[in-house]
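Every number here is computed from the coordinates shown, using simple stated rules; none is lab data. The shown structure was predicted, so the numbers you read here are calculated from the model rather than taken from an experiment. When we count neighbours, we look across all protein chains shown, and the Cβ atoms used for this are built from the backbone with ideal geometry, even at glycine.
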Amino acid sequence: MYEIPVTLTSNPKKKPEDESKLGFGKIFTDHMFIMDYELGRGWYDARVVPYAPFVMDPACTVFHYAQEIFEGMKCYRRKDGGLQLFRPRDNFARMNRSAERMGMPAIDVEQALAGLLALIKADADWVPSAPGTSLYIRPTMISTDVMLGVHASHTYRFFIICSPSGAYYPKGLAPVGIYVEPELVRAVKGGVGFTKTGGNYAASILAGDIAEKKGYEQVLWLDGKENKYIEEVGSMNMFFKFKDALVTPPLLGSILGGITRDSIIKLARHMGVPVDERRITVEDVFEAAEKGELEEAFGSGTAAVVSPVGRLAWKEREITISGGQIGSLTQKFYDTLTGIQFGELEDPFGWVLRVDD
Ligand code: COI
């Protein structure tokens, strides 16, 4: 197995006093995991070191051409004080799919996991225990060649940082308002929409700003070709509960294959709820809502967990879903998923990895 050298900080930071006010991704722990890559040599020097800024040349390719990918995962504190991760190998495997598309080197999933476990052990006291909180984990890979030619870099850095966090949306588990972007597009088939690369998120910032100014929390993207099929909300995959089935857009290359999305599909099938992965137009959703056939809508993601959607706006139209309340199936998915993640419910899927085992 992988031995990861650990250098502990001699200057630990003060931990947050009030865990109910953590917010999302604002505070960082005492340590980070790093390993470096060079073409011909592979990944080397895997280590846990004190959290600190990087010193980087301004000509580094990542600053110019954004050859960058990341992941989002969480470490949960159980009631007995122990810690556990949720499907971590699936996140690292997805990172390798992003890496391939972005011309970046693959990581060894077991080495990355060994690094993460060493980091979590060094920062174990940072994993919060207040209800709804967890340690958000951000594995990231950046290109580090110093040059301005548009080519794959020959050197990379992979690092993992951690942030004790509360709910992604400031209101916690409460219905959010979503604005269907009528014009701008996020991704097209053949592009990088299925990867977790920073550029996908950068491209969403303007639309997010417009949506916020109109009073909505997030943007729902439509397909980049016909501008009518539901794709995703940058930070979450979407689910719609119609009378006969739970429907979510299929993975056709332009949306992220969410680990939480996959977990919800498996949970739904386990509960006997029919799931249909199919293309669905925004017009279908609005029509169903107007006919009383749309029962619930929610988003899924590591950060967002399961987030009920209470309002959906598209052009001049707006619908209210589940009377603006949390739908019963949405609540059930939230309770079951978080129950498994926090070790309060049995995990029949083998998703949980206990850090202390
Ligand atoms: C996650 O859910 O972990 C994500 O990466 C979404 C993020 C942009 C907050």
* Asked: For 6, 282, 247, what ranking results if the residue with the fewest other Cβ atoms within 10 Å of its Cβ goes first?
  -> 6, 282, 247
* Structure fact -> Note, residue 310: beta-carbon cut-off 14 Å, +1 each Lys/Arg, -1 each Asp/Glu, net -1
* To do: For the range 34-179, restrict the atom set to alpha-carbon positions and state the Rg and Dmax in Å.
  => 17.0, 53
* Asked: GNM on the chain, C-alpha springs below 10 Å: top fluctuator among 323, 253, 299?
  -> 323
* Structure fact -> Only helices counted: for the chain, with every DSSP H run of 4 or more residues adding -39500 (n - 2.57) and the sum spread over all residues, [θ] at 222 nm is -7000 deg cm²/dmol
* At each listed q (0.26 Å⁻¹), what is the log10 of I(q)/I(0) that the Debye formula gives for the range 233-280 modelled as equal alpha-carbon point scatterers? -> -1.04
* Structure fact -> Taking a label point 7 Å from the Cα of residue 349 along Cα-to-Cβ, the residues of the range 220-264 whose backbone nitrogen sits under 12 Å from it are 258-264
* Structure fact -> P(r) of the range 229-357 over all Cα-Cα pairs, 10 Å bins starting at 0, rounded to whole percent, reads 12, 45, 32, 9, 2, 0
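By how many nm would the segment from residue 130 to residue 266 grow when fully extended, if each residue of separation counts as 0.36 nm and the alpha-carbon distance is taken off? It would help to have the intermediate numbers written out before the result.
Details: separation 136, 0.36 × 136 = 48.96 nm, distance 2.79 nm.
Gain in length upon complete extension: 46.2 nm.
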* Structure fact -> Note to self: C-alpha centroids of the range 215-251 and the range 18-91 sit apart, in Å, by 29
* To do: Within 10 Å of each residue's Cβ, count the other Cβ atoms and sort 143, 307, 98 from fewest upward.
  => 98, 143, 307
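If the limit is 31 Å between Cα atoms, which of 79/213; 171/315; 13/213 go over it? Please report the intermediate quantities before stating the final value.
Details: 79/213 40 Å; 171/315 26 Å; 13/213 36 Å.
Beyond 31 Å between Cα atoms: 79/213; 13/213.
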* For the chain, what is the percent of antiparallel DSSP beta bridges, rounded to the nearest 5? -> 80
* Under the Kirkwood approximation for Rh and a Cα-based Rg, what ratio Rg/Rh is obtained for the chain? -> 0.97
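Net charge within 15 Å of residue 327 by Cβ-Cβ distance, Lys/Arg positive one each and Asp/Glu negative one each, not counting residue 327 itself?
Values: positive: 241, 243, 311, 332; negative: 293, 295, 296, 335.
My count for the surroundings of residue 327 gives 0.
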* Asked: If one takes the longest principal axis of the Cα atoms in the chain, at what angle in degrees, from 0 to 90 and to the nearest 10, does the Cα axis of helix 259-271 lie?
  -> 50
* **Degrees between helix 88-101 axis and first principal axis of the chain (Cα, 0 to 90, nearest 10)** => 90
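Rounded to the nearest 0.05, what FRET efficiency is calculated for residue 320 and residue 228 with R0 set to 25 Å and r the Cβ-Cβ distance? Could the numbers behind the result be given before it?
On the way: r = 22 Å, r/R0 = 0.87.
Calculated transfer efficiency: 0.70.
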* To do: Give me the net charge of residue 94's neighbourhood, meaning all other residues with Cβ under 9 Å from the Cβ of residue 94; Lys, Arg count +1, Asp, Glu -1.
  => 0
* Asked: So if R0 is 25 Å, what FRET efficiency would residue 146 and residue 3 give, r being the distance between their Cβ atoms, rounded to the nearest 0.05?
  -> 0.20
